Amino acid sequence: MHLIDKILSREEFQTQPPVLLDIGASGGIHFRWKRIARHCVCIAFDPDDREYGYIEKEQGNYKKLYVFNCVVSDTTTGARPFYLTKSPYCSSFLRPLTGKLAPYAYAEKFTVEKELQLPVRSLPDVMKELGLTYLDWFKTDAQGMDLRIFRSLGQEVIGRVKVAEFEPGILDAYEGEDKLHQVLAFMESRPFFLSDFKVKGASRVSPENIRSLTGNPFMQKLLAVSHKKMAGWGELLFLGTFEGVEKMSLREYLLAGVLAILNQEYGFALEIAQKAARLYEDPIIAELDRYARRGIWRSVLKLRFMADVWKRISKA
(Lines give C-alpha, C1' and ligand atoms only; values in the text may rest on other atoms or scores of the structure.)
Protein backbone atom coordinates (compact mmCIF):
# COMPACT_ATOMS: atom_id res chain seq x y z
CA MET A 1 0.00 0.00 0.00
CA HIS A 2 1.29 3.47 -0.91
CA LEU A 3 2.23 5.59 2.11
CA ILE A 4 -0.50 8.17 1.38
CA ASP A 5 -3.22 5.50 1.41
CA LYS A 6 -1.65 3.84 4.44
CA ILE A 7 -1.78 7.09 6.40
CA LEU A 8 -5.28 8.13 5.31
CA SER A 9 -6.65 4.64 6.09
CA ARG A 10 -5.67 5.01 9.76
CA GLU A 11 -8.25 5.33 12.52
CA GLU A 12 -7.55 9.06 12.94
CA PHE A 13 -8.94 9.69 9.46
CA GLN A 14 -11.93 7.38 9.81
CA THR A 15 -13.26 9.50 12.66
CA GLN A 16 -11.93 12.79 11.27
CA PRO A 17 -11.55 12.52 7.49
CA PRO A 18 -9.78 15.29 5.55
CA VAL A 19 -12.23 18.05 4.56
CA LEU A 20 -11.78 19.73 1.18
CA LEU A 21 -13.61 22.91 0.16
CA ASP A 22 -14.11 23.96 -3.47
CA ILE A 23 -15.62 27.38 -4.24
CA GLY A 24 -16.03 27.99 -7.94
CA ALA A 25 -16.02 24.28 -8.77
CA SER A 26 -16.07 23.59 -12.50
CA GLY A 27 -17.78 20.24 -12.10
CA GLY A 28 -14.67 18.08 -12.28
CA ILE A 29 -12.50 16.93 -9.42
CA HIS A 30 -9.58 19.24 -8.66
CA PHE A 31 -6.47 17.67 -10.19
CA ARG A 32 -4.53 18.00 -6.93
CA TRP A 33 -7.22 15.99 -5.11
CA LYS A 34 -7.39 12.94 -7.35
CA ARG A 35 -4.85 11.01 -5.30
CA ILE A 36 -6.69 11.44 -1.98
CA ALA A 37 -10.35 12.12 -2.88
CA ARG A 38 -11.69 8.71 -1.89
CA HIS A 39 -10.51 9.31 1.68
CA CYS A 40 -12.00 12.80 1.91
CA VAL A 41 -15.16 14.79 2.50
CA CYS A 42 -15.66 17.50 -0.12
CA ILE A 43 -17.88 20.59 0.11
CA ALA A 44 -18.62 22.20 -3.27
CA PHE A 45 -20.89 25.01 -4.40
CA ASP A 46 -23.03 24.79 -7.52
CA PRO A 47 -25.73 27.51 -7.55
CA ASP A 48 -28.90 26.75 -9.49
CA ASP A 49 -32.68 27.05 -9.21
CA ARG A 50 -33.31 24.08 -6.95
CA GLU A 51 -34.27 24.19 -3.29
CA TYR A 52 -32.12 26.35 -1.03
CA GLY A 53 -29.97 23.79 0.78
CA TYR A 54 -27.54 21.04 -0.10
CA ILE A 55 -27.46 17.59 -1.65
CA GLU A 56 -25.41 14.83 -0.12
CA LYS A 57 -24.09 12.76 -3.01
CA GLU A 58 -22.74 9.26 -2.97
CA GLN A 59 -19.96 9.61 -5.49
CA GLY A 60 -17.06 7.25 -6.08
CA ASN A 61 -14.57 10.11 -6.26
CA TYR A 62 -15.06 11.14 -2.63
CA LYS A 63 -15.84 9.48 0.65
CA LYS A 64 -18.68 11.99 0.90
CA LEU A 65 -19.63 14.96 -1.29
CA TYR A 66 -21.87 17.86 -0.28
CA VAL A 67 -23.04 20.11 -3.12
CA PHE A 68 -24.66 23.36 -1.99
CA ASN A 69 -27.13 25.00 -4.35
CA CYS A 70 -26.11 28.55 -3.49
CA VAL A 71 -23.28 31.01 -3.79
CA VAL A 72 -20.72 31.65 -1.06
CA SER A 73 -20.03 35.07 0.39
CA ASP A 74 -18.49 36.37 3.59
CA THR A 75 -21.93 36.76 5.18
CA THR A 76 -25.30 34.99 5.08
CA THR A 77 -27.77 37.57 3.74
CA GLY A 78 -30.55 35.59 2.07
CA ALA A 79 -30.29 36.82 -1.54
CA ARG A 80 -28.20 39.56 -3.16
CA PRO A 81 -27.50 40.82 -6.71
CA PHE A 82 -25.33 38.57 -8.84
CA TYR A 83 -23.92 39.75 -12.19
CA LEU A 84 -24.23 37.05 -14.82
CA THR A 85 -21.60 37.69 -17.51
CA LYS A 86 -21.14 36.47 -21.06
CA SER A 87 -18.62 33.94 -19.75
CA PRO A 88 -19.97 32.06 -16.72
CA TYR A 89 -16.43 31.96 -15.31
CA CYS A 90 -16.46 35.75 -14.93
CA SER A 91 -19.84 36.06 -13.17
CA SER A 92 -19.63 37.62 -9.71
CA PHE A 93 -21.40 39.44 -6.89
CA LEU A 94 -19.06 42.30 -7.77
CA ARG A 95 -19.85 44.42 -10.82
CA PRO A 96 -17.23 44.06 -13.59
CA LEU A 97 -15.23 47.20 -14.41
CA THR A 98 -15.94 47.08 -18.13
CA GLY A 99 -14.23 50.41 -18.79
CA LYS A 100 -10.91 49.29 -17.31
CA LEU A 101 -11.18 45.89 -18.98
CA ALA A 102 -11.82 47.36 -22.45
CA PRO A 103 -8.15 47.28 -23.65
CA TYR A 104 -7.89 43.52 -23.11
CA ALA A 105 -8.75 40.69 -25.47
CA TYR A 106 -11.04 38.99 -22.97
CA ALA A 107 -13.03 42.16 -22.16
CA GLU A 108 -16.26 40.92 -23.73
CA LYS A 109 -16.33 37.89 -21.43
CA PHE A 110 -17.14 40.31 -18.59
CA THR A 111 -20.15 41.83 -20.35
CA VAL A 112 -23.09 41.68 -17.92
CA GLU A 113 -26.00 39.93 -19.62
CA LYS A 114 -28.31 39.59 -16.64
CA GLU A 115 -28.58 40.59 -13.00
CA LEU A 116 -30.00 37.90 -10.73
CA GLN A 117 -30.93 37.62 -7.07
CA LEU A 118 -29.11 34.55 -5.75
CA PRO A 119 -29.16 32.90 -2.31
CA VAL A 120 -26.02 33.53 -0.30
CA ARG A 121 -24.44 31.45 2.47
CA SER A 122 -21.35 32.06 4.56
CA LEU A 123 -18.82 29.29 5.19
CA PRO A 124 -19.26 29.34 8.98
CA ASP A 125 -23.00 28.86 8.43
CA VAL A 126 -22.41 25.96 6.04
CA MET A 127 -19.90 24.28 8.36
CA LYS A 128 -22.30 24.58 11.29
CA GLU A 129 -25.05 22.93 9.24
CA LEU A 130 -22.74 20.02 8.40
CA GLY A 131 -21.44 19.72 11.95
CA LEU A 132 -17.85 20.51 10.89
CA THR A 133 -15.39 22.45 13.00
CA TYR A 134 -12.37 22.30 10.68
CA LEU A 135 -11.23 22.58 7.05
CA ASP A 136 -8.01 21.03 5.76
CA TRP A 137 -7.83 22.29 2.17
CA PHE A 138 -9.41 25.60 1.10
CA LYS A 139 -9.70 26.27 -2.64
CA THR A 140 -11.51 29.23 -4.11
CA ASP A 141 -11.97 31.15 -7.34
CA ALA A 142 -14.71 33.52 -6.20
CA GLN A 143 -14.18 36.27 -8.79
CA GLY A 144 -12.84 39.03 -6.58
CA MET A 145 -14.02 37.74 -3.19
CA ASP A 146 -11.41 35.10 -2.31
CA LEU A 147 -9.85 36.83 0.68
CA ARG A 148 -13.03 38.04 2.38
CA ILE A 149 -14.49 34.53 2.18
CA PHE A 150 -11.33 33.01 3.65
CA ARG A 151 -11.24 35.59 6.45
CA SER A 152 -14.87 34.84 7.32
CA LEU A 153 -13.75 31.40 8.57
CA GLY A 154 -12.25 32.98 11.67
CA GLN A 155 -8.79 32.54 13.13
CA GLU A 156 -9.48 29.21 14.83
CA VAL A 157 -10.46 27.47 11.58
CA ILE A 158 -7.82 29.28 9.50
CA GLY A 159 -5.17 28.15 11.97
CA ARG A 160 -5.92 24.49 11.13
CA VAL A 161 -6.00 24.88 7.33
CA LYS A 162 -3.19 22.84 5.74
CA VAL A 163 -3.52 24.16 2.16
CA ALA A 164 -5.12 27.36 0.86
CA GLU A 165 -5.54 28.19 -2.83
CA PHE A 166 -6.61 31.56 -4.22
CA GLU A 167 -7.00 33.22 -7.64
CA PRO A 168 -6.92 36.96 -6.90
CA GLY A 169 -6.72 39.67 -9.52
CA ILE A 170 -3.72 41.82 -10.37
CA LEU A 171 -5.40 44.26 -12.76
CA ASP A 172 -8.73 45.95 -11.97
CA ALA A 173 -11.59 43.67 -13.02
CA TYR A 174 -14.35 44.11 -10.38
CA GLU A 175 -15.61 46.86 -8.11
CA GLY A 176 -14.09 46.49 -4.63
CA GLU A 177 -12.37 43.18 -5.38
CA ASP A 178 -9.77 41.45 -3.23
CA LYS A 179 -6.49 41.96 -5.07
CA LEU A 180 -3.39 39.80 -5.11
CA HIS A 181 -1.35 42.18 -2.95
CA GLN A 182 -4.06 42.05 -0.26
CA VAL A 183 -4.02 38.25 -0.21
CA LEU A 184 -0.23 38.22 0.06
CA ALA A 185 -0.27 40.75 2.90
CA PHE A 186 -2.90 38.81 4.85
CA MET A 187 -1.20 35.44 4.43
CA GLU A 188 2.20 36.89 5.32
CA SER A 189 0.80 37.72 8.75
CA ARG A 190 -0.40 34.14 9.23
CA PRO A 191 1.55 30.84 9.61
CA PHE A 192 1.67 29.97 5.88
CA PHE A 193 4.30 29.94 3.16
CA LEU A 194 3.72 30.44 -0.55
CA SER A 195 4.47 27.08 -2.17
CA ASP A 196 3.30 27.85 -5.71
CA PHE A 197 2.58 31.06 -7.62
CA LYS A 198 1.57 31.18 -11.28
CA VAL A 199 0.88 34.46 -13.06
CA LYS A 200 -1.96 34.29 -15.57
CA GLY A 201 -3.36 36.84 -17.98
CA ALA A 202 -4.85 37.84 -21.30
CA SER A 203 -3.55 39.86 -24.23
CA ARG A 204 -3.61 43.64 -24.04
CA VAL A 205 -5.17 44.07 -27.44
CA SER A 206 -8.81 45.14 -27.52
CA PRO A 207 -11.56 43.11 -29.24
CA GLU A 208 -12.11 46.09 -31.58
CA ASN A 209 -8.48 46.09 -32.70
CA ILE A 210 -8.54 42.32 -33.19
CA ARG A 211 -11.62 42.65 -35.41
CA SER A 212 -9.86 45.41 -37.35
CA LEU A 213 -7.13 42.91 -38.23
CA THR A 214 -9.42 40.16 -39.54
CA GLY A 215 -13.08 39.37 -39.92
CA ASN A 216 -12.52 35.64 -39.53
CA PRO A 217 -13.79 34.51 -36.07
CA PHE A 218 -11.28 31.67 -35.90
CA MET A 219 -8.35 33.96 -36.70
CA GLN A 220 -9.62 36.49 -34.15
CA LYS A 221 -9.41 33.84 -31.44
CA LEU A 222 -6.00 32.75 -32.70
CA LEU A 223 -4.69 36.33 -32.55
CA ALA A 224 -6.06 36.80 -29.03
CA VAL A 225 -4.39 33.68 -27.63
CA SER A 226 -1.14 34.14 -29.58
CA HIS A 227 -0.40 37.71 -28.51
CA LYS A 228 1.83 38.31 -25.46
CA LYS A 229 -0.03 37.86 -22.18
CA MET A 230 0.06 40.53 -19.50
CA ALA A 231 -0.14 39.84 -15.76
CA GLY A 232 -3.87 39.72 -15.03
CA TRP A 233 -4.34 37.45 -12.04
CA GLY A 234 -2.45 34.91 -9.99
CA GLU A 235 -2.90 31.31 -8.90
CA LEU A 236 -1.52 31.02 -5.37
CA LEU A 237 -1.07 27.92 -3.22
CA PHE A 238 -0.08 28.27 0.44
CA LEU A 239 0.89 25.55 2.90
CA GLY A 240 0.32 25.99 6.63
CA THR A 241 3.42 25.88 8.82
CA PHE A 242 1.61 25.86 12.22
CA GLU A 243 4.23 28.17 13.68
CA GLY A 244 3.27 29.20 17.18
CA VAL A 245 1.21 26.07 17.81
CA GLU A 246 2.61 24.35 20.88
CA LYS A 247 1.39 20.85 20.06
CA MET A 248 -0.68 19.41 17.25
CA SER A 249 -2.41 16.05 17.17
CA LEU A 250 -0.78 13.18 15.32
CA ARG A 251 -3.59 13.45 12.77
CA GLU A 252 -2.63 17.04 12.01
CA TYR A 253 1.03 16.17 11.54
CA LEU A 254 0.33 13.17 9.33
CA LEU A 255 -2.14 15.01 7.12
CA ALA A 256 0.17 18.00 6.80
CA GLY A 257 2.89 15.59 5.69
CA VAL A 258 0.63 13.91 3.13
CA LEU A 259 -0.46 17.25 1.65
CA ALA A 260 3.14 18.47 1.53
CA ILE A 261 4.03 15.32 -0.45
CA LEU A 262 1.10 15.87 -2.84
CA ASN A 263 2.48 19.33 -3.56
CA GLN A 264 6.04 17.97 -3.94
CA GLU A 265 7.25 19.89 -0.88
CA TYR A 266 9.37 16.98 0.33
CA GLY A 267 11.64 19.17 2.40
CA PHE A 268 8.64 20.50 4.30
CA ALA A 269 7.27 16.96 4.71
CA LEU A 270 10.62 16.01 6.29
CA GLU A 271 10.34 18.96 8.70
CA ILE A 272 6.85 17.80 9.69
CA ALA A 273 8.03 14.23 10.29
CA GLN A 274 10.89 15.48 12.46
CA LYS A 275 8.55 17.65 14.57
CA ALA A 276 6.07 14.79 14.97
CA ALA A 277 8.86 12.42 16.07
CA ARG A 278 9.67 14.70 19.00
CA LEU A 279 6.11 14.37 20.35
CA TYR A 280 4.82 10.97 19.27
CA GLU A 281 6.07 7.41 19.07
CA ASP A 282 4.52 5.77 16.04
CA PRO A 283 6.25 3.77 13.27
CA ILE A 284 4.31 5.70 10.60
CA ILE A 285 6.34 8.82 11.42
CA ALA A 286 9.59 7.08 10.47
CA GLU A 287 7.95 5.96 7.21
CA LEU A 288 6.94 9.55 6.45
CA ASP A 289 10.51 10.64 7.19
CA ARG A 290 11.98 8.06 4.80
CA TYR A 291 9.47 8.86 2.06
CA ALA A 292 10.24 12.58 2.29
CA ARG A 293 13.98 11.92 2.04
CA ARG A 294 13.45 9.73 -1.04
CA GLY A 295 11.33 12.47 -2.56
CA ILE A 296 14.17 14.96 -2.19
CA TRP A 297 16.54 12.53 -3.92
CA ARG A 298 13.99 11.84 -6.69
CA SER A 299 14.03 15.54 -7.53
CA VAL A 300 17.69 15.12 -8.47
CA LEU A 301 17.08 11.94 -10.44
CA LYS A 302 14.37 13.74 -12.46
CA LEU A 303 17.06 16.24 -13.51
CA ARG A 304 15.13 19.20 -12.15
CA PHE A 305 18.43 20.94 -11.52
CA MET A 306 18.89 21.30 -15.29
CA ALA A 307 16.67 24.39 -15.41
CA ASP A 308 19.17 26.21 -13.19
CA VAL A 309 22.07 24.84 -15.22
CA TRP A 310 20.63 26.24 -18.46
CA LYS A 311 20.01 29.60 -16.82
CA ARG A 312 23.65 29.79 -15.76
CA ILE A 313 24.82 28.75 -19.23
CA SER A 314 22.60 31.35 -20.92
CA LYS A 315 24.02 34.10 -18.68
CA ALA A 316 27.64 33.06 -19.29
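The values are calculated or read from the model by the stated rules, or taken from the named source; none is laboratory data. Everything quoted here is computed from the prediction, not taken from an experiment. Backbone-built Cβ (ideal geometry, glycine too); neighbour counts: all protein chains shown. Remember, those area values only see protein heavy atoms, side chains included, never the ligands or the DNA or RNA. Shrake-Rupley method; radii C 1.70, N 1.55, O 1.52, S 1.80 Å.
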Folded to 0 to 90 degrees: helix 266-279 orientation relative to the chain principal axis, Cα: 40 degrees
Carbon/sulfur fraction of accessible area - the stretch 167-316, other protein chains in place, 1.4 Å, %: 56 percent
Reciprocal mean inverse distance between Cα atoms of the chain - Kirkwood radius, Å: 21.6 Å
Pairs from Lys64/Lys128; Lys64/Lys114; Lys64/Lys229; Lys162/Lys229 whose Cα-Cα separation, in the structure shown, is over 28 Å: Lys64/Lys114; Lys64/Lys229; Lys162/Lys229
Within straight-line cross-link reach of Lys221, aspartates and glutamates at Cα separation under 18 Å, skipping those fewer than 8 residues along the same chain: Glu108, Glu208
Where Thr214, Thr140, Thr133 fall by accessible area, highest first, once all protein chains stay in place (1.4 Å): Thr133, Thr214, Thr140
Solvent-accessible area of Ser87 with every protein chain in place, 1.4 Å probe, in Å² to the nearest 10: 20 Å²
Accessible surface ranking that places the most exposed of Thr241, Thr111 first, with a 1.4 angstrom probe: Thr111, Thr241
Net charge dipole size for the chain [Lys, Arg +1 and Asp, Glu -1 on Cβ; Debye, nearest 20]: 1360 debye
Aspartates and glutamates whose Cα lies under 15 Å from that of Lys275, excluding same-chain neighbours fewer than 8 positions away: Glu243, Glu246, Glu252, Glu287, Asp289
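If you take the beta carbon distance between Arg80 and Lys200 as r and set R0 to 35 Å, what does 1/(1 + (r/R0)^6) give as a FRET efficiency, to the nearest 0.05?
Working: r = 28 Å, r/R0 = 0.79.
After rounding to 0.05, the efficiency reads 0.80.
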For the stretch 141-263, projected area of the alpha-carbon convex hull averaged over all directions, nm²: 9.6 nm²
Residue among Leu262, Ile170, Asn216 farthest towards the positive dipole end of the chain, charges placed on Cβ: Asn216
Residue among Ser195, Met145, Gln155 farthest towards the positive dipole end of the stretch 108-214, charges placed on Cβ: Ser195
Most positive-pole-ward Cα, Asn69, His2, Leu184, against dipole of the chain from beta carbon charges: His2
Solvent-accessible ranking of Leu135, Leu180, largest area first, probe 1.4 Å: Leu180, Leu135
Contact order normalised by residue count of the chain, Cα under 8 Å, 6+ apart, percent: 15 percent
Nearest-20 debye value, the stretch 158-316 charge dipole, Cβ charges on Lys, Arg, Asp, Glu: 880 debye
Area of Ile313 that stays accessible when all protein chains are in place (1.4 Å probe, Å², to 10): 90 Å²
Added length on full extension, which subtracts the Cα-Cα distance from 0.36 nm per residue, Trp297 to Thr133: 55.3 nm
Contour excess over end-to-end distance, with Cα ends at Leu222 and Arg38 and 0.36 nm allotted per residue: 62.3 nm
Rounded accessible area per residue of the chain, 1.4 Å, Å²: 52 Å²
C-alpha long axis of helix 306-315 to longest principal axis of the chain, angle in °: 50 degrees
